[in-house]
Amino acid sequence: MMEQRKKLVKETIESKKRASYLSFFEDGVIDAICEGEKDPDKTFSHYYKKGYDCGTRAYAKLLKKECQVE
């Protein structure tokens, strides 16, 4: 019983951490695509930076495709 409780607590903590990491990543992508600049309050996060880089690359690809269509 105690082992199950420990496992459940550990899984809950890990799940909350993942949600936080994902949130920072998503914020980075959105800032790159919609705002065009980093949020200085979030640049401490590795996941925010990765999301921003991903969003910048995605935005560049979208612009390139848009130019090819015209």
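Every number in this text was worked out from the coordinates using simple rules, so none of it is lab data. Just so it is clear, the model here is predicted, and its values are computed rather than measured. Methodologically, a virtual Cβ is constructed for each residue, glycine included, from the backbone with ideal geometry; neighbour enumeration extends over all protein chains shown.
A compact table of results
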{"read-out": "Residue list for the range 29-52, restricted to those being among the small types (Gly, Ala, Ser) and under 13 Å from the mean Cα position of the chain (by Cα)", "value": "Ala32, Ser45, Gly51"}
{"read-out": "Near pairs, Cβ below 7 angstrom, 6+ apart or cross-chain, from the range 21-36 (in contact (Cβ under 8 Å) with a residue 60 or more places away in the chain) to any residue that is part of a helix (DSSP H, G or I)", "value": "none"}
{"read-out": "Any hit, the range 53-66, residues being outside any helix (DSSP H, G or I) and more than 13 Å from the chain's Cα centre (by Cα)", "value": "no"}
